[in-house]
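The values are calculated or read from the model by the stated rules, or taken from the named source; none is laboratory data. The model shown is predicted, which means the values in this text are computed figures rather than measured ones. Positions of Cβ are backbone-derived with ideal geometry, glycine not excepted, and every protein chain shown enters the neighbour counts. Protein only, heavy atoms only, side chains kept; ligands, DNA and RNA dropped before computing areas. Shrake-Rupley method; radii C 1.70, N 1.55, O 1.52, S 1.80 Å.
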Amino acid sequence: MNQKILKPAQGKKAVCISFVAPITDITTQALLAAVSNATNQGNHEVYLLLSTPGGSVSSGITAYNTLKTFPVFLTIVNTGNIQSIGNVIYQSGKHRIATPSSSFMFHGIGFDLPQNTRLELKDVKERLVSLENDQNLMANILAKHTNLDLQAVNQLFLQMEFVDTDNAIKYGITDEITEVRFPKGQVPIHQIVFNKN
């Protein structure tokens with residue numbers, strides 16, 4: 001398998017940020033802060049090593065939209081498994097790489113209810129409208145950046161499907177499959193760490 005050395009172009013600065021966490025308000029804020037800081041420190045390129053089980057749709061949409069505004073060349077590398085809303089964040093990269101043993105997982109939108117929660121008809125209707133809106137947002141973003149049309153994306157959501165790297169290339173979910181490595185001392189690497197508390 002090929003190996004790609006990720007390093008900045010001559011005279012350019014680059015930084016690597018590693019994010020391995022669910023997508024929540026807190027983790028999204030930390031991710032955006034890290035990329036903001038990298039941008040403010042004069043980096044021209046940001047490499048984001050990403051592996052996530054998914055999480056909050058609204059946080060993921062915010063991350064996607066915000067990451068696309070930063071004036072850096074963003075390369076996102078799937079280093080494990082990108083699931084659910086993580087696939088939307090992955091599409092914010094100007095270049096997308098999948099390591100050979102990584103995968104992508106798609107499923108429909110849902111919500112959890114506390115035990116003994118009572119829903120009236122208006123509550124169910126509001127939840128349904130919210131779910132449909134979130135799923136439509138995700139589907140439109142994925143269709144925009146991949147070779148999949150809306151029908152194919154929605155089919156992935158219905159089936160809860162894992163997509164391997166070969167099919168990720170075929171579907172246009174990723175740009176290339178390769179092992180990656182950073183040359184020693186040329187690209188600072190920052191791991192975003194979250195306390196369990």
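Here are the numbers:
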read-out: Residue selected from the range 165-183 under the condition part of a loop (DSSP other than H, G, I, E, B) and in contact with a Lys or Arg (Cβ under 6 Å, 6 or more places away or on another chain), by the criterion nearest to LEU50 (Cα to Cα); value: THR174
read-out: Any hit, the range 103-120, residues being closer than 30 Å to CYS16 by Cα and open to solvent by 80 Å² or more (accessible area, probe 1.4 Å); value: no
read-out: Tabulated pairs, the range 167-196, first under 24 Å from ALA38 (Cα atoms) and modelled with pLDDT under 90, second open to solvent by 60 Å² or more (accessible area, probe 1.4 Å) and among the β-branched types (Val, Ile, Thr), C-beta under 9 angstrom, 6+ apart or interchain; value: PRO183/ILE5; PHE194/ILE26
read-out: Residue selected from the range 85-100 under the condition part of a loop (DSSP other than H, G, I, E, B) and touching a residue at least 40 places away in the same chain (Cβ under 8 Å), by the criterion most open to solvent (accessible area, probe 1.4 Å); value: PRO100
read-out: Residue selected from the range 154-164 under the condition surrounded by fewer than 14 Cβ atoms within 10 Å (Cβ to Cβ) and either part of a helix (DSSP H, G or I) or on the phi > 0 side of the Ramachandran plot (or both), by the criterion modelled with the lowest pLDDT; value: GLN159
read-out: Test for ILE76: is it within 23 Å of THR178 (Cβ to Cβ), touching a Gly at 6+ places or on another chain (Cβ under 7 Å) and in a helix (DSSP H, G or I); value: no
read-out: Residue satisfying all of: in the range 139-197; in contact with a strand residue (DSSP E or B) (Cβ under 7 Å, 6 or more places away or on another chain) and of a type in the set (Phe, Trp, Tyr); farthest from MET105 (Cα to Cα) among these; value: PHE182
read-out: SER36 within 26 Å of VAL163 (Cα to Cα) and of a type in the set (Ser, Thr, Tyr); value: no
